């Protein structure tokens, strides 16, 4: 992933990205119901690498399955490229785990940028303490075999009611996770960065007592020049 | 699909099949939350042919998409083999349609055995009047493009929290739909047929005043010979 | 159960009973989410006899359990007194059945007044055709062992978020089921019957064009004498 | 309401209207989770007249409230203009009734075109038998005072997750209810009528064995002239 | 708002207020499903100022709408009086934001006492760090325009299944938010304060090993004099 | 409870216990939707002592009920044996409290090992600060009388969709709570402890860059001897 793009996306919020996408007609890119296992205070950014689960069938999902070196969940953990985000379609079902601390530790060591499920993680307290961002709906101790069969890798999936295509750019902050279609990621990042500069100006103004009407969004001319001056002063 | 197998499955209930599967450790083969668009009084039986939807993204799901002769939903309708059941993974979301009356009419004309979605059909009142069994959660008028993108054909899917593999045997009655793993379909069908014979005997006995304890299940010896006689008399 | 009480309750609606109970401070006596398997056009009335399910644990809920003549579900079916209503606490979970057609047939033969679950019935299409009222949330083919363990008989339970004490009077119509505390059943029945007489008068008036304000509820004096005349004429 | 507009809307399905609206960027006009109390086989059409409920507070919602001639629920029933559809915002909560048979009878007598709630009706079996279309989520016997306080009339509301502005055109069929913004109702009706003509042609073709690809939507030229001929022959 | 009233309400818990209200027949005043964005360890107290959202319709909710100086969401932020609590009816839908950090910062600067939604906030991590209490269901990054249209100000609303009338007294602690009808706020506050004094005594007793029976509630005479002494000693 | 058993269970995670139970066919022993009021970083372990709630009926659940020294909720708090875990069946309904800080303080003083509800606690912020583990779904300020009637003690119950029999061994960590059938608690504890030793070895290996395939689960011979050495070195 391009470093400039990553840098931009590290410095904007998911909320601002959502507005930039809304502005182009994308209303449904924020993964619903998913939050950080533990807030990290820094963004997760990377292209999506996906894993699809289907409901487990008892004869295909006994503990012995994990002995298979080709088990898709294990493969996912070894094949997700460094810098990518592993996104799992767990059918929004957190009654059994999507993964646990050992697999997430392996992803961390391999340099993966983060992990997202619309189900839940087991060993979530441990996962929260690792140096890799992780997002889920809630902790869930039962092994994934109880309800989920890992089926295939890097196909388009749904995650939290959002379409995720391999290579889409995934960004998470302390609130939410958003999926940016790959083809427009550069434009969205640049636009969100511009918006962020103005929002930072707005916050400063608001903190000193300026009403928001006319300021946010900017409809009063006075703020045009004020903002230009502020921007110059800040070197942004 | 083998005619003998089909005949057996036409004459047993989904409840009895569920018990036969439970007996072998399969606890989760009944598609949850799905019922007939209109009760037909006769079973739907056929191997599964699947269609997978993911959440729709606005730029990929405008009406013009349907002009694409390779659109997977349209392809599904033309490629699902006669005698098969088209099973759709709509992520249990009936807020937009999985299909409408024109596509279902085409399936009927092509000799498809039935259609199942864990979402909803538009034109459901019309679909209910067609000569093809259809199962969904509720009527849903919005076009599928609103929420669902048809993605791929005949891959393993989830439907109503059940794993469905292409070729699994799907049976529906006026209550529910069940998915029988292909490899054990013969055995399950035979076992369910045997159970049905005994249950028919039980119903007759119960209607004439026999208590169920000892009769259902059969733990009193007296019923062994009585049942043998009844069976002979009925030629079953 | 007293015949006069039963007769009164056969001729009033659950809605009217709900209002009479509301009037005495009972806001929560209608079983939520439950409807007739098939509308019968006639009320179900009887004292409650209860069965409590807890979640099933695999080692205690194999098919062999049903061979136990003391299995509480089987006992319930043989011990529920004629004229009573069997009410089941299935924890609002219809993913597995609360009972099936054989047991409900036995209840019918034994003269039980009806059956209610806040889960679902298997063989629901058949149950709907029997001559006994049955209420549930939706058809559910999996055997109860999949999720429910029948635990004890005739203890106070919850059903559809309503408290049900053994002996409470249960009334069902084509819409809903209501639970009347035993101690006030006579009073509530009489009050509801009176309300029904007036409502019948109101419907007649409304059908001939009378506005509802002042009529329902009766706040205009003119309707007092009109109603008295109507009542006399109708002999009610 | 204009007769021509009404006639057009009487002869198209909610599904077709949903597609016409989708085509103009309206993705969310079908009221979710609401269906006919009883299918009528004919459309409900009329401008929206609205009633807003908020949660009930015990001191403001005793039975005596109904004695107030200005009670908004009662006023709604007397003030909703003939030919209009009364649409109720019950906050998607069917645990208590939105209205009962007496009020709906009064609406029928007054010539109101239909009634819609995203809650439930009491006396639903009776309402289903009346000669007025009614839509809800499920029967609900408790009086509305239990949970709902009727607050104001003919303000913009939400109903089943759809915005409803007074005067919007409401159309219901045997599947669903849709809300058409007033300003575009004529255009949408005309467009849907045109679509319906083509869909009728398509159904005929499909029933005689024509594949849908190229036909629906029409991308093969051959169907252009065929359709023109059919249309002329049918006089549509 | 009266300072004495505020002081009392600053020193009691929402749980105690709920019991005082329950004691007078108010069973439903705690906003369901809402919690602090970040626990502040101090109560939020103030009269309600309300904002009502309805579902968004695409043609009325593009980003340009915010340029309108009369946009109700923006107006709410500028018109909510200092010392009041802004309460938003977001129809319990957190799939899009009710507000973000800039608006909440403005409310803080204006001296507003707090903000409550039954939806979710965007920029929630930032909002949690501001010096103003905020309550929601979960973080939600999409702009409110995606699903919510701000419609009117300071009308009665529902929030988390509770009726909120402008001027009702809203109290939040680290657990929940409660709405006290304005007319009884003084009485409830005084009663809750008295209850709190006794509960503090109880906690001390319990920590030193006294059983709760007879103590909580106080039914043993011995505690009457003990409490009187304790109260005197503590000067409460 | 046996000290050795307790010690073992203090040093394994709920996730590992869930896998050990899954291995013996128990798929459903983790209480769903319940988490710590506040993470304690140390396990809760003890035999279950149960309290069953049913829905509250207004005439039986006024504040005066608590004056009854035999009120089951109060009795539960005084009779739950030291070292046991009080588990409450609140029918997964957190709209009213299962208990508050005074009762939980009393449990703490009495040496009870922990408290679990599938509803919610009032005074949750205070409960979180006490020196006793507590698990619920969310804070809930309304008194339990609003929705729950405490009915009986130490009967089998459901809690979060799991069967809980008195005497079952309950273990909670910072993620979840699990219920171990009493008869197999020793075996499960020993097995989980063994698994934990190997998992600790695995984590060390993974942190130094070893891929998981062949290591977890152990299918490559090389790890057999390596693990034996590691174990010896660690004295485990």
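The values are calculated or read from the model by the stated rules, or taken from the named source; none is laboratory data. Quick caveat, the model's predicted, so the values are computed rather than measured. Here Cβ is always computed from backbone atoms with ideal geometry, including for glycine, and neighbour counts include all displayed protein chains.
Evaluate region F:171-187: report whether one residue or more is over 30 Å from residue E:17 (Cβ atoms), over 15 Å from the mean Cα position of the chain (by Cα) and touching a residue at least 24 places away in the same chain (Cβ under 8 Å). Yes: region F:171-187 contains one or more residues that are over 30 Å from residue E:17 (Cβ atoms), over 15 Å from the mean Cα position of the chain (by Cα) and touching a residue at least 24 places away in the same chain (Cβ under 8 Å).
So, in region A:23-54, how many residues would count as being within 11 Å of chain E (Cβ to nearest Cβ) and within 30 Å of residue A:148 (Cβ to Cβ)?
Here is the first cut: in region A:23-54, the ones within 11 Å of chain E (Cβ to nearest Cβ) are A:23-36, A:39-41.
Filter once more, so that each one left must be within 30 Å of residue A:148 (Cβ to Cβ): A:26-36, A:39-40.
Adding up the residues that qualify gives 13.
A residue that is under 30 Å from residue F:157 (Cβ atoms) and more than 16 Å from the chain's Cα centre (by Cα) occurs nowhere in region C:3-23. Every test in (1) over 21 Å from the mean Cα position of the chain (by Cα); (2) touching a residue at least 12 places away in the same chain (Cβ under 8 Å); (3) surrounded by fewer than 20 Cβ atoms within 10 Å (Cβ to Cβ) is passed by residue F:148 save one, and that test is (3). Pairs linking a residue in region B:6-22 that is free of Cβ contacts under 8 Å to residues at least 24 places away in the same chain to a residue that is part of a loop (DSSP other than H, G, I, E, B), with Cβ atoms under 6 Å and 6 or more positions apart or on different chains, are B:22/C:143. Could you please find all residues in region A:77-98 being within 12 Å of chain F (Cβ to nearest Cβ), out of contact with any helix residue (DSSP H, G or I) (no Cβ under 9 Å at 6 or more places or on another chain) and without any contact (Cβ under 8 Å) to a residue 60 or more places away in the chain? Within region A:77-98, A:93, A:94 qualify.
Residues being within 11 Å of another protein chain (Cβ to nearest Cβ), out of contact with any helix residue (DSSP H, G or I) (no Cβ under 7 Å at 6 or more places or on another chain), surrounded by fewer than 24 Cβ atoms within 10 Å (Cβ to Cβ) and over 30 Å from residue A:25 (Cβ atoms) are entirely absent from region D:9-22. The residues of region B:194-221 that are more than 12 Å from residue C:102 (Cα to Cα), surrounded by 11 or more Cβ atoms within 10 Å (Cβ to Cβ) and more than 33 Å from the chain's Cα centre (by Cα) amount to a single one, B:220. Within region F:110-140, being farther than 26 Å from residue C:156 by Cβ, within 7 Å of chain E (Cβ to nearest Cβ) and in contact with a helix residue (DSSP H, G or I) (Cβ under 6 Å, 6 or more places away or on another chain) holds for F:123, F:139.
Please tell me if residue A:102 is modelled with pLDDT of 95 or more and more than 25 Å from residue A:30 (Cβ to Cβ). So residue A:102 fits the description; yes. Counting only strands (runs of 3 or more DSSP E) that sit wholly inside region B:135-236, not one has at least 1 residues that are modelled with pLDDT of 95 or more and farther than 30 Å from residue B:38 by Cβ.
Any idea which of D:57, D:6, D:74 is more than 14 Å from chain B (Cβ to nearest Cβ) and modelled with pLDDT under 95?
Matching residue, one of D:57, D:6, D:74: D:74.
Restricted to region C:176-192, and to residues there that are more than 15 Å from residue C:117 (Cα to Cα) and crowded, with 18+ Cβ neighbours inside 10 Å, the residue that is farthest from the other protein chains (Cβ to nearest Cβ) is C:189.
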